[in-house]
Every structure is written in structure tokens, then in C-alpha cells.
Amino acid sequence: MLARTDNGKILYTRQPGWPKGAWGLVSGYVEAGESAEQASLREVEEESGLTAREPRLVRTSSSGELLLLWVEVHVQDAAPRAGSDVEAVNLRRPDAGLTPEDWPARAFVEAQLESFSS
């Protein structure tokens, strides 16, 4: 999920075992009976403590056997706290250099950067 504030910051997450300095975006699985939009609201809350709103499915893609659902949500510009699924969270301006090039989240961050420059 790309969780972003009205002033353009995005929510980065970091999980144990990731390469040093690597940050990704909120991610998770859609549970039985849930829509992708509902899952995005739940996952943002679980991983950051922030309340997300206005979920919007923006695209789908695949990675191996997984179907990736790219959902954008809005969050308030407030201090996030790391939930049980992540070791750290950070709300900051988009920076493609934080996310490795071969990670699916990198394309989402780059698209956000492009929207700022237009």
C-alpha cells in the first residue's frame, strides 16, 4: 500500500532481515471476506498505528505466484509507531533510494515521485 499524507509524505516500513538501510511500504495479505481496500485500512493500522482513509485500488501486477494489489490510502501527518509486523516505520518525503530497485514497492515510490514533478 502507498499510504500518503495530503502534503506528500509517504509511510515507509522496515522489517527484520531486510538489507541495511532498505525501507519498503506497508504490505500484507487480504483475508477471507475482505476486499483489497478493507485490507489496506487494516494493514496500515496494524503496521503503523495510523488510521487510513479513502482506499483506492490503482493497479494489479504479479510477482511469481502472488497477485499484487496496489492500493493507495491517505493518512494523517502524525507520528507513526511500529506494529508487531515491522521493526520500524517512518513518515517522510518519497525517496526511491530507500527501496531496492528490484522490490515491487520501488515502482510505487517512483510513481509518487513523478506525480510531484508534474
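Structure above, values below:
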read-out: Any chance E101 is exposed (fewer than 12 other Cβ atoms within 10 Å of the Cβ), over 15 Å from I10 (Cα atoms) and either free of Cβ contacts under 8 Å to residues at least 40 places away in the same chain or of a type in the set (K, R) (or both); value: yes
read-out: Qualifying residue in segment 51-58 (condition: open to solvent by less than 40 Å² (accessible area, probe 1.4 Å), touching a helix residue (DSSP H, G or I) at 6+ places or on another chain (Cβ under 9 Å), over 24 Å from G97 (Cα atoms) and free of Cβ contacts under 8 Å to residues at least 60 places away in the same chain); value: yes
read-out: Filter pass, A111 being among the aliphatic types (A, V, I, L, M) and over 16 Å from G8 (Cβ atoms); value: no
read-out: Selection within segment 65-98 - open to solvent by 80 Å² or more (accessible area, probe 1.4 Å) and over 15 Å from T13 (Cα atoms); value: E65, L66, L67, Q76
read-out: Given (1) buried (at least 16 other Cβ atoms within 10 Å of the Cβ); (2) in a strand (DSSP E or B), index of the condition F108 fails; value: (2)
read-out: Residue that is most open to solvent (accessible area, probe 1.4 Å) [pool: residues in segment 1-45 that are touching a residue at least 60 places away in the same chain (Cβ under 8 Å) and of a type in the set (S, T, Y)]; value: S27
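The values are calculated or read from the model by the stated rules, or taken from the named source; none is laboratory data. Not measured: the values here are computed from a predicted model. Methodologically, a virtual Cβ is constructed for each residue, glycine included, from the backbone with ideal geometry; neighbour enumeration extends over all protein chains shown. Heavy atoms of the whole protein, side chains included, go into the accessibility calculation; ligands, DNA and RNA do not. Shrake-Rupley method; radii C 1.70, N 1.55, O 1.52, S 1.80 Å.
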